[in-house]
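Heads up: the structure comes next, in structure tokens.
The values are calculated or read from the model by the stated rules, or taken from the named source; none is laboratory data. Predicted model, so just to flag it, every value in this text is computed and none were measured. Counting neighbours? That spans all protein chains shown, and the Cβs are built from the backbone with ideal geometry, glycine included.
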Amino acid sequence: HFYMPIKNILIGAVIKYTMNMLLVSNPQIGIYGAIMSTIAASAVIFTLNLIDVKRTLGLNNFIVPVLKTAVCAAVMGVFCKLFYPLLAAHISYKLALGATIILAVAVYAALMIITKAFTKEELREAKK
């Protein structure tokens with residue numbers, strides 16, 4: 001099964017290349033087309049990898065935990081975006097960055113536990 005992610009990355013690369021050629025050459029979009037193509041290609045690769053993992057592991061309800069994990073990651077990202085500037089205004093940037101990272105890990109772990117992103121049964125299934 002090691003070839004599955006490689007296949008998905010190649011598909012994503014074709015999408016990114018094609019979109020780059022079409023969008024970046026458009027004067028109204030310009031360099032922002034590269035950003036759009038990167039996001040689109042990454043979304044395709046993620047989706048294809050998710051489908052392959054689901055098929056390989058045989059998990060039935062795989063989407064809900066992934067969505068919960070994505071929401072937890074997004075909330076953690078918002079926390080970082082809001083918290084870092086507050087800290088950096090009062091302490092050195094390096095200390096603020098370190099403290100934000102440590103707190104972000106704690107926020108993410110707490111959210112994963114609160115949302116029960118993965119149940120014990122799902123973890124057991126994944127270990128098989």
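Every residue in region 1-33 that is of a type in the set (Gly, Ala, Ser) and either part of a helix (DSSP H, G or I) or touching a Pro at 6+ places or on another chain (Cβ under 6 Å) (or both), please. Within region 1-33, Gly12, Ala13, Gly33 meet the criteria. The set of residues in region 74-99 being part of a helix (DSSP H, G or I) and of a type in the set (A, V, I, L, M) consists of Ala74, Val75, Met76, Val78, Leu82, Leu86, Leu87, Ala88, Leu95, Ala96, Leu97, Ala99. Just give me the residues in region 71-96 being touching a residue at least 40 places away in the same chain (Cβ under 8 Å) and either of a type in the set (Val, Ile, Thr) or in contact with a Cys (Cβ under 8 Å, 6 or more places away or on another chain) (or both), in sequence order. Listed by number, the list holds a single entry, Val71.
Residues of region 52-73 being touching a helix residue (DSSP H, G or I) at 6+ places or on another chain (Cβ under 9 Å), hydrophobic (A, V, I, L, M, F, W, C) and in a helix (DSSP H, G or I), which ones? Val53, Leu57, Ile63, Val66, Val71, Cys72, Ala73 - these are the residues of region 52-73 that are touching a helix residue (DSSP H, G or I) at 6+ places or on another chain (Cβ under 9 Å), hydrophobic (A, V, I, L, M, F, W, C) and in a helix (DSSP H, G or I). Looking only at residues in region 22-35 that are among the small types (Gly, Ala, Ser) and surrounded by 15 or more Cβ atoms within 10 Å (Cβ to Cβ), which one is nearest to the chain's Cα centre (by Cα)? Top of the filtered list is Ala34. Considering Thr38, Thr69, the condition of being surrounded by 14 or more Cβ atoms within 10 Å (Cβ to Cβ), of a type in the set (S, T, N, Q) and under 29 Å from Ile113 (Cα atoms) is satisfied by Thr69 alone.
Going by what's in this entry, would Ile9 be described as modelled with pLDDT of 95 or more and of a type outside the set (Ser, Thr, Tyr)? It is true that Ile9 is modelled with pLDDT of 95 or more and of a type outside the set (Ser, Thr, Tyr).
For first residues located in region 56-70 and at pLDDT below 80, partners that are surrounded by fewer than 11 Cβ atoms within 10 Å (Cβ to Cβ) and lie 6+ apart or on another chain with Cβ distances below 9 Å form the pairs Leu57/Lys128; Gly58/Lys128.
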